[in-house]
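Single-structure report; data block below.
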Amino acid sequence: MEEGASLIRAERRAAEATVAKQTAALLAPLAAKAMARREASWQLDSRRATVRLGYAKEGEALDLDEGDVHAILLQAFRLEGLRLALDFGKRPRPLLRLELPLPAGAGGLAEWAEAVFRVEPVETPGAVMTRLNERLPAGLRIQSWDVLAPYASPLGELAEASHWRWICPEAQVPEAARRTAAFLASAEWLWEKGGRVEGRKEIKQVDLRPLVTELRWDGATLFSTTRTGSSEPGNPLKIHAAILGLEPADLRGLLRLSLDLRADPRLAQAERFEPKLRNMYEDAVLLSGGSNITLVDEDDEEPLRLG
């Protein structure tokens, strides 16, 4: 019911308006009841599977942005019958999140998405990835499939550094190399970044010097390393452009080669995240095992009068 309501909302512009509104109205109360049932029991659902997908975005897929990649993956899952679990928002959405997503114009060989499936696929990861890759456009391909514990940290919280490569046009190499040397020799490199402060659009200055930890040239190829994390500012195209004195569009083809991750502290402390399920299991065994605990039903069905 919830999936149907979501699909109607997504397709309401293409559908005939009256029919779409009538269908949405019929589904709304049914979807609300389904969500209430799901909220009450999702912690006991052992069929759910959290999967971290590694994928590459390059070549013809460079001009896809975060929304494009998210929509393409969702469609591929649906067409292959892989049903995603839903979140608990006002309008539940499939649990698919791109970690450290790239803007249009930038690519990566070490990109990640995290998905929660209602039921783990019965096929091997290799077989599932093969089927999905046949649905994806050129330049976009899934290359790893790792099942995670449901309490694992989001990858964005584990990322420490991104390693990049950009091939500079020959005519721009001298000036770009000069600015690179100036950046490395400076103690501070301020970049004016647009953003919101207390709900208002403002220009704020960000020091890029501690954010970019490596810049080196190999001929016309620039290799760089940037600190990466959910708290770090900026679009990688804009950050590199601010250093090199170029427009972000000039850096089309900037490629993330790899991502440094620290160990997940939650996986090392699994016992802290599983006590509820363990205690519920122990209580169930205790109550069904002939213990001396007596269950008392105090519901005498007498009416309660107020006032």
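Residues in the range 240-259 that are within 24 Å of the chain's Cα centre (by Cα), assigned to a helix (DSSP H, G or I) and surrounded by fewer than 16 Cβ atoms within 10 Å (Cβ to Cβ): none.
Having 1 or more residues that are more than 14 Å from the chain's Cα centre (by Cα) and under 19 Å from residue 237 (Cα atoms) is the bar; report the strands (runs of 3 or more DSSP E) wholly within the range 59-152 that clear it.
Qualifying strands (runs of 3 or more DSSP E): 107-117.
As for the range 178-196, it holds no residue that is among the acidic types (Asp, Glu) and farther than 21 Å from residue 235 by Cα. Residue 153 satisfies every condition listed in (1) at pLDDT 95 or above; (2) closer than 30 Å to residue 209 by Cβ except (1).
To keep it simple, each residue is scored yes or no on (1) aliphatic (A, V, I, L, M); (2) modelled with pLDDT of 95 or more.
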site: 56; (1), (2): yes, yes
site: 97; (1), (2): no, no
site: 111; (1), (2): no, yes
site: 114; (1), (2): no, yes
site: 122; (1), (2): yes, no
site: 135; (1), (2): no, yes
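For the range 43-51, the count of residues that are at pLDDT 70 or above and among the hydrophobic types (A, V, I, L, M, F, W, C) is nonzero. So residue 234 fits all but one of (1) surrounded by fewer than 16 Cβ atoms within 10 Å (Cβ to Cβ); (2) out of contact with any strand residue (DSSP E or B) (no Cβ under 6 Å at 6 or more places or on another chain); (3) modelled with pLDDT under 95; what number is the exception? Residue 234 satisfies every listed condition except (1). Does the range 100-146 hold any residues that are closer than 19 Å to residue 84 by Cβ, surrounded by 14 or more Cβ atoms within 10 Å (Cβ to Cβ) and aliphatic (A, V, I, L, M), and which are they? Answer for the range 100-146, where residues must be closer than 19 Å to residue 84 by Cβ, surrounded by 14 or more Cβ atoms within 10 Å (Cβ to Cβ) and aliphatic (A, V, I, L, M): 113, 115, 116, 128, 129, 132, 136, 140, 142.
Kindly provide the set of residues from the range 114-155 that are more than 16 Å from residue 58 (Cα to Cα), touching a residue at least 60 places away in the same chain (Cβ under 8 Å) and of a type in the set (A, V, I, L, M), ordered by number. If the condition is that a residue be more than 16 Å from residue 58 (Cα to Cα), touching a residue at least 60 places away in the same chain (Cβ under 8 Å) and of a type in the set (A, V, I, L, M), then 115, 116, 119, 147, 148, 149, 152, 155 are the ones that fit.
The values are calculated or read from the model by the stated rules, or taken from the named source; none is laboratory data. These numbers come from a predicted model, not from an experiment. Quick reminder, even Gly has a Cβ in these numbers, built from the backbone with ideal geometry, and neighbours come from all protein chains shown.
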